[in-house]
1. Can you name the condition, by its number, that residue C:186 falls short on among (1) surrounded by 14 or more Cβ atoms within 10 Å (Cβ to Cβ); (2) under 30 Å from residue C:277 (Cα atoms); (3) more than 10 Å from chain A (Cβ to nearest Cβ)?
2. Go through B:81, B:144, B:165 for me and flag whichever is of a type in the set (A, V, I, L, M, F, W, C), in contact with a Ser or Thr (Cβ under 9 Å, 6 or more places away or on another chain) and within 14 Å of chain A (Cβ to nearest Cβ).
3. In the list C:245, C:230, which residue meets the criterion of being in contact with a Leu (Cβ under 8 Å, 6 or more places away or on another chain) and at pLDDT 95 or above?
4. Would you say residue A:64 is surrounded by 22 or more Cβ atoms within 10 Å (Cβ to Cβ) and in contact with a Leu (Cβ under 7 Å, 6 or more places away or on another chain)?
5. Counting just the residues of the stretch B:151-160 that are more than 8 Å from every other protein chain (Cβ to nearest Cβ) and either farther than 23 Å from residue B:208 by Cβ or surrounded by fewer than 18 Cβ atoms within 10 Å (Cβ to Cβ) (or both), which one comes out modelled with the highest pLDDT?
6. Quick check on my filter: what residues within the stretch C:292-316 are within 7 Å of chain A (Cβ to nearest Cβ) and touching a residue at least 12 places away in the same chain (Cβ under 8 Å)?
7. Search the stretch A:218-237 for residues that are over 23 Å from residue A:123 (Cα atoms) and pair each with any residue that is surrounded by fewer than 24 Cβ atoms within 10 Å (Cβ to Cβ) and basic (Lys, Arg) when their beta-carbon atoms are under 9 Å apart and the residues are at least 6 apart or on different chains.
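The values are calculated or read from the model by the stated rules, or taken from the named source; none is laboratory data. If you're wondering where the values come from, they're calculated on a predicted model, not measured in any experiment. Cβ coordinates were reconstructed from backbone atoms using ideal geometry, including for glycine residues, and neighbour counts include every protein chain displayed.
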Amino acid sequence: MIGFTYLAAILATLPLVLILAHLVRKGASSLSLAFFTHMPGSVGEPGGGMANAIVGTLMLIGIASIIGLPIGIGAGLYLAEKKGTPLASTVRFLSDVLNGLPSIVMGIFAWEVLVRPVRHFSALAGGVALGAMMIPLVTRTTEEMLLVVPTSLREAALALGYPKWRTSISVVLRTALAGIVTGALVAVARIAGETAPLLFTALGNQFWSTSVREPIAALPLQIFTYAINAYDEWHRQAWAGALVLITIVLIISLAARFATRSRFGAPVD
Amino acid sequence: MLQSTEVLREKRPMRIITPTVQVRSPEPTTSQVETRPCIVTSKLSAYFGETAAIRDISMSVPQQAVTAIIGPSGCGKSTLLRCLNRMHETVPRTRVEGSVQILGSEIYGEGTSPIAIRRHVGMVFQRPTPFPTMSIRANVAAGLRVDSKSHADRGATSEIVEEALQRAGLWAEVKDQLDESAMALSGGQQQRLCIARALATRPRVILLDEPTASLDPLNAQKVEELVYDLRKTVTVVIVTHNMQQAARVSDRTAFLLMGELVEFASTRELFTAPKDPRTESYITGRFG
Amino acid sequence: MTSLPVDWLENDRRKLRVDASAYGDKIYEALTAACALAIPALVIAIAVAIFAAAWPAFAKLGFSIVTTSDWDVRAGHFGAAPAIFGTLVSSTVALIIATPLAIGVAIFLSEFAPLWLRQPIGFLVDLLAAIPSVVYGLWGIFVLIPLLREHVMPFLRDTLHLGATPFFSGPAYGPSMLAAGVILAIMALPYISSVSREVLMAVPRSQREAALALGATRWEMIRDAVIPYARSGIIGGIMLGLGRALGETMAVTMVIGNRPEISASLLAPGYTMASLIANEFSEATSDLHLSALMAVGAVLFIITLIVNAVARWLVWSVGRRRTQ
């Protein structure tokens with residue numbers, strides 16, 4: 001049986017190795033400078049790139065972070081400070097519920113409230129859908145990281161005459177910052193590769209657009225579109241896109257893992 | 001700031017630490033102490049939920065002297081201390097009854113902000129609590145930075161930082177590493193840093209909650225020396241479970257038992273001729 | 001001794017009346033409470049919006065949406081039973097494959113692995129959760145499906161003679177329920193193994209030592225003392241993995257074949273609720289079609305809600321027992 005656990009460990013890590021190896025082999029050969037700087041080509045036309053999709057993905061991550069990070073960190077502060085109250089327990093449970101919500105359901109919800117009323121797909125709707133998915137992730141990691149900060153630090157700040165809000169922000173939050181940054185990066189990595197919530201919100205776009213009110217291209221959407229079509233050239237593009245996407249995601253994940261405490265100390269002012 | 005600057009600017013030499021603790025017989029100016037109360041509590045009670053941690057405590061703490069609060073664990077001595085700077089109410093489901101006057105002002109008065117009280121009444125805890133993300137300098141200045149109106153410029157701040165570290169007897173040890181992390185200091189240095197941080201806002205009163213409990217004997221002794229010195233410039237209230245410490249550093253001692261003030265007298269009197277039989281049992285080691 | 005003004009607090013009182021810090025706490029509390037309340041508000045908004053949008057379909061078609069299996073947009077038949085069936089079957093297949101592997105890895109990492117290996121292996125397994133779903137789908141289409149079609153499916157059906165059972169009979173299509181199950185297994189594995197590892201590590205030392213003191217071998221100790229203690233937490237982890245598998249969209253859509261039929265054979269194509277929505281939502285022609293897709297979304301929402309709630313409760317109950 002001990003042998004089985006070794007076998008399980010090998011089998012469990014095998015898919016990762018296989019997928020990454022295949023991605024690098026297929027993707028690298030299709031990757032060129034043009035991929036980053038050119039627009040998608042027409043059907044059957046060789047070359048072309050995903051410049052618009054790369055920019056689109058970065059924009060969507062930006063919009064999602066603007067929504068997800070402050071709300072998530074604020075809710076995490078609330079949960080850590082009001083732990084034990086019925087409202088905090090309810091919020092904690094519902095944030096787990098939200099975390100388990102299928103991303104496609106988030107997608108149709110965002111379509112219903114943000115696209116249907118204005119009859120227009122938009123980058124904003126896609127970013128909001130992704131931001132809503134970030135909220136529970138950021139909330140729970142923020143809460144966990146804040147609970148690790150010793151109560152004595154909070155007391156010390158209060159005893160110095162810090163108002164509660166300054167105590168929470170410049171002492172407690174500041175002390176837990178490294179962990180919260182890690183949690184935020186994990187959340188960004190997770191939503192960066194999401195496709196389903198974007199299908200009916202950001203929609204995708206074959207053209208250059210940086211307007212939040214217009215449909216926007218995104219790497220995952222582009223990979224999906226190219227993968228399910230029959231053209232070999234598009235398949236090559238899909239692999240290249242997947243390699244870029246996973247590189248972005250892995251860099252963020254690794255950054256999260258190695259996010260160490262930033263330099264202590266703000267200048268006395 | 002309201003306090004006279006002459007008192008604060010007085011630069012005292014570092015005390016030379018002797019390996020054995022001399023039991024100093026406190027020589028307070030008793031008559032002066034009696035006439036100049038700093039903290040006056042009357043019928044002070046504090047609750048956790050429905051349970052009273054201290055009941056009906058009325059005492060008068062003398063100014064510019066060290067007052068020790070002793071008693072067995074769970075007797076409410078920390079709670080009493082935390083009522084003097086309104087820290088008790090920071091714990092959920094707690095409340096305070098009665099009154100506390102500091103220098104003639106009611107700190108539980110209507111419209112009085114606990115934040116204002118805490119800026120004038122410093123506190124140091126059992127374990128050192130330097131802010132881990134701040135440098136030594138920033139730690140000492142932490143209380144100043146939060147009160148944006150009380151300081152004018154960078155120069156003034158660095159003078160105050162130096163003065164506070166001098167008073168805490170830490171200046172010579174850290175003056176070359178002010179911008180390094182406070183976490184690099186030893187436990188004893190961290191505790192003196194916390195005392196410096198509390199002194200930087202130039203408080204009238206310093207509350208010490210078992211400040212030497214987590215320190216090794218040598219560092220505990222340094223802190224004790226410091227407490228002894230502080231009386232010259234500030235009123236000190238110290239909670240301790242160590243009776244020898246109370247005897248060494250304090251001018252007056254209060255003995256608490258099960259939330260009640262059993263006896264409050266000059267330290268010499270309390271330890272040599274206790275009036276209450278319960279005090280006598282405690283100081284002779286029969287319980288607690 | 002300095003003379004002290006009796007009304008030393010007065011200055012501060014006056015100052016604090018105009019000081020923002022007096023209002024700061026109120027503003028801070030209101031802001032954090034608003035952030036916290038955004039979460040229940042969002043859950044309620046999602047439920048209300050989706051059920052409201054699904055209502056016309058439920059009102060017109062009733063439970064035939066979940067009970068009938070004819071999905072014909074032009075004829076106005078919206079029976080999502082094949083998609084519900086496909087969701088449940090593909091997730092079950094995924095759990096059958098992933099659970100033993102995930103628990104094996106968790107036991108390996110918490111009990112047997114040399115210390116220097118625990119961190120890196122744990123990290124690699126966790127990384128499986130970081131790979132975007134669409135990348136799994138891409139790999140599924142171009143690597144996994146050919147592999148299954150050329151080698152695994154013929155092997156299962158002919159070499160092992162499993163073709164005699166209805167589960168592995170019929171022609172070996174590439175895109176199939178089996179392909180979806182394998183992809184979902186890989187995707188659910190990190191969730192199950194990381195929760196299992198946590199609950200295994202939470203088993204108190206005393207529990208282990210008691211078993212070892214009775215003369216149990218390492219494996220007997222794990223089987224008789226560690227696993228029973230962690231059981232409900234491990235089941236919670238499996239349920240979390242199930243929640244992930246049930247709602248997974250892109251990878252499944254890319255490999256399952258998207259055919260709305262109920263077939264006993266895992267070698268045949270199928271459909272899931274999530275892929276049904278993904279495929280048809282943007283092309284929905286009529287209001288009823290759209291509403292029916294919303295109804296499918298509502299069903300998916302409820303199923304995952306229940307599965308996740310049970311999972312959280314199970315994991316939480318282990319944590320609680322530990323602190324008691």
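1. Against the list (1) surrounded by 14 or more Cβ atoms within 10 Å (Cβ to Cβ); (2) under 30 Å from residue C:277 (Cα atoms); (3) more than 10 Å from chain A (Cβ to nearest Cβ), residue C:186 comes up short only on (3).
2. Values: B:81 fails: in contact with a Ser or Thr (Cβ under 9 Å, 6 or more places away or on another chain); B:165 fails: in contact with a Ser or Thr (Cβ under 9 Å, 6 or more places away or on another chain).
Answer to the selection: B:144.
3. C:245 is the lone residue from the list that is in contact with a Leu (Cβ under 8 Å, 6 or more places away or on another chain) and at pLDDT 95 or above.
4. Here the answer is yes, as residue A:64 does meet what is asked.
5. Of everything passing the filter in the stretch B:151-160, B:159 is modelled with the highest pLDDT.
6. Once the filter is applied, which keeps residues that are within 7 Å of chain A (Cβ to nearest Cβ) and touching a residue at least 12 places away in the same chain (Cβ under 8 Å), the stretch C:292-316 yields C:294, C:297, C:300, C:301, C:304, C:308, C:312.
7. A:235/A:26; A:236/A:26
Table: residues versus (1) of a type outside the set (Lys, Arg); (2) closer than 30 Å to residue C:264 by Cα; (3) under 18 Å from the mean Cα position of the chain (by Cα).
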position	(1), (2), (3)
C:96	yes, yes, yes
C:108	yes, no, no
C:121	yes, no, no
C:131	yes, no, yes
C:146	yes, yes, no
C:164	yes, yes, no
